[in-house]
Amino acid sequence: YISTLTTSHTSSLSFQLITEFCFSKETKMSGVPFPSNLLPSDGSPEWLNKSDNAWQLMAATLVGLQSVPGLIILYGGAVKKKWAVNSAFMSLYAFACVFFCWVIWGYRMSFGDRLLPFWGKPGVALDEKYLFKQAFLGAFPVATMVYFQCVFAAITLILIAGALLGRMNFYAWMLFVPLWLTFSYTITAFSIWSPNGFLSKMGIIDYSGGYVIHLSSGVAGFTAAYWVGPRLNKDRERFPPNNLLLMLAGAGLLWLGWTGFNGGDPYSVGLDASLAVLNTHACTATSLLTWVFLDVIFFRKPSVIGAVQGMITGLVCITPAAGVVQGWAALIMGLFSGSIPWFTMMVIHKRSKLLQKVDDTMAVLHTHAIAGSLGGILTGLFAEPKLNYLFYNAYNKYVGLFYGIQMNIASTGFRQIGIQFLGILFVIFVNVVSTSLICLVIRIFVPLRMSEEDMEIGDEAAHGEEAYAIWGQGDKLENSSSKYGSSLYEDVEVAATKKNKRGSGSQIEMM
């Protein structure tokens, strides 16, 4: 090669310079010369793949943007005006609290040394000696893995918040977040994702969190909603979004952020990451369209809120399967995720006294628990052995039932389905028990639910702040007798009373 190169470029290149470059001590790695920007150094050891590390940090940031600001503005726009600040702040608090707990003890309980078959030993992830080691998977440091896994843990708590909007005592939420992270999330994460977890060793397929994140948050949110209790009756009967466009902006961040959610889980920028991203968006688009068509067929109107629900169920359903199924399977999963949760929400929920008794504000049971379980089961049917080999580096251990039958190893396919169902049962059991115990412990110290008086007022009672200035510049009125420092609520009530006394008969609904 050198001889050819020097012969054809003798006028511009020096044979001596080429020889020194190709065979210098700094550039020779296994006989292959490296460009100067890829040379190993103290800050870039030989095992570090800079491109993989860069993508992993970017993917983690995309997932973080799903929460901050994605779900913050989605929740803030989807609730009544009087709950906009509280709903958004529950998300912001959860993100910050999870990050703090994660680096102190949460990460190593989820991905560290084994304490029990389903739990890791607690420990800090702050020291440079630990953070600069190579992660348990991928060609990047532990520090990157800690960040990547942290944003997944954070969004799980924020999804739980969706079931509790409009009535949970914020002080109870402040306690709930670290307790649930410690005694629920770390258990499912270690069992399913850690190489030392018992379900991981059995061969469960959860590509990016259909079980660990979505089934967990859906079950935990529904369980917590049972213990917290419902919103005010008038809020349950009528709870219009205060800003649909804001809600759609949050939904858009959620959808696009899923590129990092599923695209980051191969821990490299290889073929599997590309397939996972494409499958994610194909399934989500199909699910949204299916939901909208069902709304048009049965209710004669395409609902914007319904479209967002269909988008979410598609994202959730494809998550456990994103990089291990073919594109045609992703479209089929989109059809199921846009129709089955629609049916459970629009038909079964309205006919079930038990489901109606529990006030699940954002319907996380349907959009996350049911869609996540559906995705896990369909993964057990459609998981393609070759794609699973790319992801798990294990040949014919992870085989969907349909491929198992086709390959004359049906027993392996049935085993995969069995493990997928076992994972569902395990996650449900852990979250019902742990969430119930956490709520029972918290209510010993603080009420789980705001008082009836405070729920009438909303943000002003919970935080002393309001989302929107209806008139003026949003200043507090001076002559205020309200114990919350603002006369807005009282003034509107007084105005309504005076108007009614004049015989207008008009009613003002406080939002």
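Being modelled with pLDDT of 95 or more, open to solvent by less than 10 Å² (accessible area, probe 1.4 Å) and farther than 29 Å from G400 by Cα holds for only one residue in A143, A189, A154, and it is A154. Return the residues of the range 421-471 that are open to solvent by 60 Å² or more (accessible area, probe 1.4 Å) and in contact with a strand residue (DSSP E or B) (Cβ under 7 Å, 6 or more places away or on another chain); say none if nothing qualifies. R449 - this is the single residue of the range 421-471 that is open to solvent by 60 Å² or more (accessible area, probe 1.4 Å) and in contact with a strand residue (DSSP E or B) (Cβ under 7 Å, 6 or more places away or on another chain). Taken over the range 211-230, the criterion of being open to solvent by less than 20 Å² (accessible area, probe 1.4 Å) and part of a loop (DSSP other than H, G, I, E, B) is satisfied by G229 alone.
Whether a residue is open to solvent by 10 Å² or more (accessible area, probe 1.4 Å), more than 23 Å from the chain's Cα centre (by Cα) and closer than 15 Å to G423 by Cβ was assessed, and Y398 passes this test. Against the definition (modelled with pLDDT of 95 or more and either under 13 Å from F152 (Cα atoms) or outside any helix (DSSP H, G or I) (or both)), how does F89 come out, yes or no? Criteria not met by F89.
Among the residues making up the range 231-245, a single one is buried (at least 20 other Cβ atoms within 10 Å of the Cβ) and either part of a helix (DSSP H, G or I) or among the acidic types (D, E) (or both): D235.
Out of the range 260-317, which residues are open to solvent by less than 30 Å² (accessible area, probe 1.4 Å), out of contact with any Pro (no Cβ under 9 Å at 6 or more places or on another chain) and among the aromatic types (F, W, Y)? Of everything in the range 260-317, those that are open to solvent by less than 30 Å² (accessible area, probe 1.4 Å), out of contact with any Pro (no Cβ under 9 Å at 6 or more places or on another chain) and among the aromatic types (F, W, Y) turn out to be F261, Y267.
Here A60, A125 are screened, and the one residue that is surrounded by 20 or more Cβ atoms within 10 Å (Cβ to Cβ), part of a loop (DSSP other than H, G, I, E, B) and out of contact with any Asp or Glu (no Cβ under 6 Å at 6 or more places or on another chain) is A125.
The values are calculated or read from the model by the stated rules, or taken from the named source; none is laboratory data. On a predicted model such as this, the values are computed, not experimentally measured, just so you know. Cβ: placed from backbone, ideal geometry, glycine included. Neighbour counts: every protein chain shown. We work out accessible area using only protein heavy atoms, side chains counted, and drop any ligands, DNA or RNA first. Shrake-Rupley method; radii C 1.70, N 1.55, O 1.52, S 1.80 Å.
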